[in-house]
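Peer 1: Quick one: the structure is below, questions incoming.
All of the numbers you see were taken from the coordinates with simple rules; none came from a lab. It should be emphasised that the depicted structure is a prediction, and the values quoted were computed from it without experimental measurement. Virtual Cβ from ideal backbone geometry, glycine too; neighbours counted across all protein chains shown.
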Amino acid sequence: MDSPMSGRASIRLTINGTAMELGCPPERILLDLLREDLNLTGTKRGCDLGTCGCCTVLLDGRPVLSCLTLARLAIGHDVTTIEGVTPATGLSPLQKAFVEHGATQCGFCTPGFIMTGTALLRDHPDASREEIERAISGNLCRCTGYLKIVEAIQAVGKETP
Amino acid sequence: MAAPEAPPTYRLIGTRIPYIEGPLKVTGRAEYTDDIKRPGQLIARLLRSPWPHARIRSIDVSAARAMPGVAAVLTGEKYPTPFGVLPITHDETAIAVGKVRYIGDIVAAVAAVDEATADRALQAIRVDVEVLPEYTDPKTGVEKVAEPIHARGLNGTNIQKEVVQHFGDVDAAFAQAHASVRVRGSYAGVTHAFTEPMATIAEATPDGRLTVWSATQVPHYLHRALSEVLGIPMHRIRVIKPEVGGGFGGKSDPLPHEIACAALSLETGRPVKILFDREDVFVTNHGRHPTQNDVRIAVDAGGKILAYDIEALIDGGAWSSFGTVTTYYNGVLSMGPYRVPNFRYRGRRVYTTKPPSGAMRAHGGTNIRYSIELGLDELAEQLHLDPFDLRERNALPPHSTTVNQFRITSTSFVKCLKAARERSGWDDKFRKLPYGRGVGLGCGFYISGSNSPIHFTPKMPQCTVHLKADMDGGIAVHCMQADIGQGSNTLLAVIVAEVVGVDLDRVHVVRVDSDVSPVDIGSYSSRVTFMMGNAARRAGESLRDQLLAAAARVTGYPPEKLVVGHEKIEVRHRPDISISYIDALHAAMERSGALLASGAYTSPPMGGDFKGARAGTAPAYSFAAYVAEVDVDVETGIYKVEKVWAAFDCGRALNRLAVEGQIEGSIHMGLGQLMGETMNYRGSRLMNPSLLEYKIPTPQQMPQVECLLVGDDDPEGPFGGKEAGEGPLIATLPAAGNALYDAVGVRFHELPITPEKVVRGIELRQQSGKSWKGVS
Amino acid sequence: MHLDPFELHRPTSVEETVALAGRLAPKFDYLAGGTDLLPNYKMRLNTRPNLIALEDVSELRGVSLDRVGAMTRLADLEAHGGFRSAYPGVLEAVVEVATPLVRASGTLGGNLLVETRCFFFNQSFPWRESLGFCLKADGDRCHVVPQKEKCYATFSGDLAPSLSVLDAEVEVAGPDGRRRVPVTTMYDAAGDGIQRHHLKPGELLVAVHFPPAARTLRATYRKLRVRPSFDFPELGVAAAARLTADGTIDHLALSVGGTETFPKRFDELTGPLVGSRPTLPRVRELAAEVQKRVRPVHNTFLAADYRKKMTGVFVRRAVGQVLGIGEGRP
């Protein structure tokens, strides 16, 4: 049934596996909720208009632009941020590969690439160079020229049995 | 005759070392300015001018001030002290005073409880102005104008800076030339487009101090500018540089919003944050200047360069920024890597009512290089010389002096040429690939640190590094150098670890904080590796010597018989007699507690004694020779650079992983300028202030890159290293431009080379009756 | 960047949605994937006080070879093996939309109704205010073609041309019940450029239906843009054809987007080719004639005359390909 949502009625969300209830007006954008309300600052704000991919998070496992997602539309879905794909100790294989291959320079776009890359490797561990290039082509990097990012993703894919 | 000494080898230097802060970046734990939240912080927003040029009659902020949630509204008159990155051209204010000079100029600043409130307050501000004529074309600005944009324009014009230089006798050289060429290059403005938008937090505290966190690549200049404009002594201001998400020159000027943000904090007594949206970033610009240049090159029958005759007209936008340097660089950086015996240059940088241009990666060396390299390619064709042969004949020799008295020490340019030629298979490809496919050569030359620091008073070293080694065995490194993603923190740690002989994880590079970091003048002019590297090495040696002295007391061997091993100090040629690093450290601490060490770098005196002689002088230079291979769809004009062979002389590559990263990233950025990036103006108005319409190349557009690091050790560089942060960009553009000529027989002298220009170029060639590779 | 407050409605059925729309009209927008609407809202472009989210309306989902729900995400369409092999020409268009991240949220219906685009429209509020608002948002004049009657913003969807050439239809639900509209005639060719399609106020796009014949066509989509990702089409050409066993043209359709305010079919030019054998000269003629008839204006990144010229090249290549007589680059 339709019930218009306005004001600060609280919503229930699952973020990084933890269910939480928080106040959230209808116009709240997921990125703002993560960064401003929950201090999950690993997700970056690069353009706020869906044109850089720095704010990529996983929604039910799919990489999406959190700057173009209404927080309320994430109700009932699982949100995973960079904090959620980072192991309690150490790094994930993809994070490790990014460090070792020099796939991060200034690092601002990196969490977004990790999210996109994580989803890609889960679905297509054997992705070819061209497939990787296509898959990351909504994430902008101004430092690396992408070559080492592609290398890092490919290296992890090759290790995956 | 003795065999030449083999270059030394090192434990860490020269290997592939991942960034020490990499694990923080890949997990989102690296802290950028906008990730910091101060208790009770306000949000600031800026009212920007909708007029390209106007005199402010009055600003009514009363309604905005009265709005609930608004803490402060500031206009320009409270802090009218002008500032600017160069001491000689202070023409900016934190907020406009008297006039606005471009669409986007800051008219007022608001601090409020949140962004929405601040935005509403902006809309309530009423500005009454007298609209003044806009000046969009620098050609108009070289004449006397009705309303100069700045009072400081030369003789009632909008000329901000004019440089005229003449060395040798250019007219005589042209008179005796065997051949000559003229290139009229036209370059659209481009911008840095780092992924992290500018952000600043300022917090004035009741103890009379002001702390500023900012996304800056030159914390020291920001520190100075804050002090000058706000009237607070430097020692009561603390500047902190968190992680910075890319700079490329765009965060090197002290910027008005940083000062306005601090002013709002002083006004309210509360922390104030300002975060730019993408349009703010684009209109703040300070990117590469839109430029027209007119280049003539004369050669003798053997292809030896006799003279350059260059004019450059540079569109500065609303402020000076680095413009005086830009005006010199467009001339003086055109010569190397070649010997040019006669040189004449006239460069003019003209104010326009557009967002200011400034320093962008390979500042001043990129556009002129493209014209020169396309000209040389054309001359080689005229003389039936291979482009490689022509360049090799003109290479500046090591340990030589240029006609304008640049001191050249190391150059491996000829090695670069040989490597690029051989690896690219040039001799089998040049003019031999089918129509639509081609190879091209482009070369590069860039300063490895500006010899003259922008701020020279008080006279002080360009970089100082402090080390503290305490009982925990760690070494804390303090230096105000700015890592903006290029890997300078890592290099700092590597150099200290190398010299002191310890594991890398013992070295902790402390976040830049003016309260504790000794001055370094920041990340610009490709100075960090060379200058910080030398300072770090000296600091490391000082610490090492303290450890050696202590080890001498413990072992009974004199210090000169001791050497640093891995995590230990041992007797030379007797590695069985040693003392661990920790034991030596603790022994050294018995007398004085924690060890402190300092190292500094000041570049040696150099350059001629004529006006402007210091511009472009550097303690070393990088050299490059790139081959690009391109594939063109001749019907649509859509092309792809398929591969770049990048032979680069950065001396010894101190961290090969980082150097490759700089080269690959530079190629990406260079190809962006070549292929489609453009600050698209209609009149004074920027039409594409967004990452959607500013066309940064995607992964699918990247060529394969083969890095050929062939440099020999530089005699003065740290461990023989030179810059690799900016020079690698320069050769990219002409290599690809010349490859397009080889592919389709058209010389494109206007950047960016969009597909429509390729199609038009091919049509014009066809209309002229010139066939290419057998295709009409 | 923040959004101004609005009420968010989440109906669960088509009927409920349409009733809600009727009650709120005209002060609402439908929210599908949000990748086009929300950037526009952030720039305060024609914002409205109500958003009706279509997320929970289950009838708008589902992919089969006959019908694709309007709320189907482009990424899901891309991943759907059956759809992929049945309509490779549509897939060529799907994978060219924006970026993978946009396609992860962006929907089929959203792309069909994507807002037209223009350098003078897709700008922030202060940017537009400083120049004077245009008739597409908050103002009364056009900055591209100076006059006050018609908007010249460019149709920028990739899917409409590719669905048009398959003679697909959209199913629409409204206050008066449901109806089918061919994709080809859904857009308003004669209008003012502001009212861009023939949907009535409050009408909801439910699904796209494919006629059985669509699976017998050979189709392709070619997109002109500066970069192989991110960019909206500067030109989009879809073509579909079927040859008889003896090699004569049995069916040929052509649709061009990215050049005017609506995607344009050229049945009057392709029709005469039906029944003949495909020849290169005829294809070239067709391409030249289409080129003549498109009228792009300079309101996107690439110049209008270049986009016009490329229309000829792209049409020739696309039609050549579906007729099996390609020349030039694929």
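Peer 1: Given the -39500 (n - 2.57) contribution per DSSP H run of 4+ residues, what per-residue ellipticity at 222 nm results for chain A, rounded to the nearest 500 deg cm²/dmol?
Peer 2: Computed ellipticity for chain A at 222 nm equals -8000 deg cm²/dmol.
Peer 1: Further question: Please state the equivalent ellipsoid semi-axes for chain B: what are the square roots of 5 times the Cα gyration tensor eigenvalues, largest first, in whole Å?
Peer 2: Calculated on Cα positions only, the semi-axes equal 41, 39, 22 Å.
Peer 1: Measure nothing fancy, just the Cα-based angle from helix C:280-293's long axis to the longest principal axis of chain C, in degrees from 0 to 90, nearest 10.
Peer 2: Helix C:280-293 sits at roughly 30 degrees to that axis.
Peer 1: Counting only complete DSSP H runs, which helices of chain B cover 27 Å or more along their long axis at the Cα atoms and score a mean Kyte-Doolittle of 0.0 or above?
Peer 2: Going by DSSP H runs, the hits are B:656-675.
Peer 1: In nm, give the distance between the simple-model label positions of residue B:143 and residue C:58, each being 7 Å from the Cα along the Cα-to-Cβ direction.
Peer 2: 7.5 nm
Peer 1: Now a separate question. Report the FRET efficiency, 1/(1 + (r/R0)^6), for residue B:567 and residue A:60, where r is their Cβ-Cβ distance and R0 is 45 Å, rounded to 0.05.
Peer 2: Working: r = 49 Å, r/R0 = 1.09.
Step by step, r from the Cβ atoms, then E = 0.35.
Peer 1: Below 21 Å, Cα to Cα, which lysines can residue A:96 reach? Residues fewer than 8 away in the same chain don't count.
Peer 2: Leaving aside lysines fewer than 8 places away in the same chain, those within reach of residue A:96 are A:44, A:148, A:158, B:25.
Peer 1: Per-residue ellipticity at 222 nm for chain B, helices alone: DSSP H runs ≥ 4 residues times -39500 (n - 2.57), over residue total, nearest 500 deg cm²/dmol?
Peer 2: -8000 deg cm²/dmol
Peer 1: Take the alpha-carbon centre of region B:695-755, take the same for region B:643-684, and report the distance between them in whole Å.
Peer 2: 6 Å
Peer 1: From the phi angles alone, apply the Karplus equation (6.51, -1.76, 1.60; θ = phi - 60°) to region A:132-139 and give each ³J(HN,Hα) in whole Hz, x where the residue is Gly or Pro.
Peer 2: Values, residue by residue: 5, 4, 5, 5, 9, 7, x, 10 Hz.
Peer 1: Per residue and in cubic angstrom, what volume does the convex hull of the Cα atoms of chain C have?
Peer 2: Value for chain C: 130 Å³ per residue.
Peer 1: Say R0 is 45 Å: what FRET efficiency, to the nearest 0.05, do residue B:67 and residue C:19 get from their beta-carbon distance?
Peer 2: 0.70
Peer 1: Would you please state which residues of region B:314-344 a label at residue B:455 would reach in this model, taking the label point 7 Å out along Cα→Cβ and a backbone N cut-off of under 16 Å?
Peer 2: What the label zone holds, given the 16 Å backbone N cut-off, is B:322.
Peer 1: Under 5 Å between amide hydrogens, which residues at least 5 positions from residue C:7 or on another chain qualify, with H placed 1.01 Å from N in the peptide plane?
Peer 2: Here the answer is C:50, C:51, since their amide H atoms fall under 5 Å of that of residue C:7.
Peer 1: Then there's this: Expressed as a fraction of 2.2 N^0.38 Å, the rule-of-thumb size for a compact globular protein of N residues, what is the C-alpha radius of gyration of region B:195-304?
Peer 2: In units of the 2.2 N^0.38 Å rule of thumb, it is 1.47.
Peer 1: Please rank C:289, B:134, fewest neighbouring Cβ atoms within 10 Å first, as an exposure proxy. Please list the in-between numbers first.
Peer 2: Numbers: C:289 14, B:134 21.
Ascending number of Cβ neighbours within 10 Å: C:289, B:134.
Peer 1: Taking every pair of alpha-carbon atoms in region C:1-150, give the share separated by more than 25 Å as a whole percent. Walk me through the intermediate numbers first.
Peer 2: Details: 4472 of 11175 pairs.
Distances greater than 25 Å cover 40 percent of the Cα pairs.
Peer 1: In whole Å, how far is the Cα centre of region B:1-72 from that of region C:5-23?
Peer 2: A separation of 43 Å, based on Cα centres.
Peer 1: Residue C:178 to residue C:245: extension gain in nm, 0.36 nm per residue of separation minus the Cα-Cα distance?
Peer 2: In short, 20.3 nm is gained.
Peer 1: Label points 7 Å out from Cα along the Cβ direction at residue A:18 and residue B:633: separation in nm?
Peer 2: Taking the two extended label points, one gets 5.0 nm.
Peer 1: Would you mind pulling out the separation of the Cα centroids of region B:469-519 and region A:3-70, in Å?
Peer 2: First find each Cα centre; the distance between them is then 37 Å.
Peer 1: Can you give the extra length, in nm with one decimal, that the chain gains between residue B:560 and residue B:382 once fully stretched, where that is 0.36 nm per residue apart less the Cα-Cα distance?
Peer 2: The span from residue B:560 to residue B:382 would gain 57.9 nm if fully extended.
Peer 1: Same structure, new question: Using 1/(1 + (r/R0)^6) with R0 = 22 angstrom and r between the beta carbons of residue B:763 and residue C:289, what's the FRET efficiency to the nearest 0.05?
Peer 2: Once the sixth-power term is evaluated, E becomes 0.60.
Peer 1: Could you work out how much longer the chain between residue B:431 and residue B:713 gets when fully extended? Use 0.36 nm per residue separation minus the Cα distance between them, nm to one decimal.
Peer 2: Full extension of this stretch gives 98.0 nm more.
Peer 1: Quick one: which residues, 5 or more positions from residue C:251 or on another chain, have an amide H under 5 Å from its amide H? H modelled 1.01 Å from N in the peptide plane, none for Pro or chain starts.
Peer 2: C:242
Peer 1: Using θ = phi - 60° and the Karplus form 6.51 cos²θ - 1.76 cosθ + 1.60, what ³J(HN,Hα) does each residue of region B:635-647 get, whole Hz, x for Gly and Pro?
Peer 2: 7, 9, x, 7, 9, 9, 7, 7, 8, 10, 9, 10, 8
Peer 1: Turning to a different aspect of this structure: Report ³J(HN,Hα) in whole Hz for each residue of region C:297-313, in order, from the Karplus equation J = 6.51 cos²θ - 1.76 cosθ + 1.60 where θ = phi - 60°; Gly and Pro get x.
Peer 2: Here the 3J(HN,Hα) series is 10, 8, 9, 10, 5, 8, 5, 4, 5, 5, 4, 5, 4, 5, 4, x, 5 Hz.
Peer 1: Among C:171, B:677, which comes first, second and so on when ranked by fewest other beta-carbon atoms within 10 Å?
Peer 2: C:171, B:677
Peer 1: For residue B:502, what residues show an amide H to amide H distance below 5 Å, using hydrogens built from the backbone and excluding near sequence neighbours?
Peer 2: Answer set, sorted by chain and number: B:567.
Peer 1: Using alpha carbons only, how many degrees (0 to 90, rounded to 10) separate the axis of helix C:14-24 from the longest principal axis of chain C?
Peer 2: 50 degrees
Peer 1: When the convex hull of the C-alpha atoms of region C:58-212 is computed, what volume per residue in Å³ does it have? Don't jump to the answer; show the numbers that get you there.
Peer 2: Details: hull volume 19.9 nm³, N = 155.
Dividing the Cα hull volume of region C:58-212 by its residue count gives 129 Å³.
Peer 1: Something else about it: Fewest first, what order do C:232, B:530 take by the number of other Cβ atoms within 10 Å?
Peer 2: By the 10 Å Cβ count, ascending, the order reads C:232, B:530.
Peer 1: Right, something else. To the nearest 20 Debye, how big is the dipole of the protein assembly as shown about its Cα centre, given +1 on the beta carbon of each Lys and Arg and -1 on that of each Asp and Glu?
Peer 2: Dipole size: approximately 1760 debye.
Peer 1: Rank A:95, A:121, A:141 by how far each Cα sits towards the positive end of the charge dipole of region A:93-159 (+1 on Lys, Arg Cβ; -1 on Asp, Glu Cβ) and give me just the farthest.
Peer 2: A:141
Peer 1: Given the pairs B:429/B:757; B:78/B:139; B:304/B:773; B:99/C:150; B:640/C:264, which span a C-alpha to C-alpha distance of over 32 angstrom in this model?
Peer 2: Over 32 Å Cα-Cα: B:78/B:139; B:99/C:150.
Peer 1: State, to one decimal in nm, how far the label point of residue C:129 lies from the label point of residue B:583, with both points 7 Å from Cα in the Cβ direction.
Peer 2: 7.3 nm
Peer 1: May I ask you to derive the relative contact order of region C:221-303, considering only C-alpha pairs under 8 Å and at least 6 residues apart, and to give it as an integer percent?
Peer 2: 22 percent
Peer 1: Evaluate Rg over Rh across region A:93-159, taking Cα atoms for both radii and Kirkwood's formula for Rh.
Peer 2: Value, to two decimals: 0.90.
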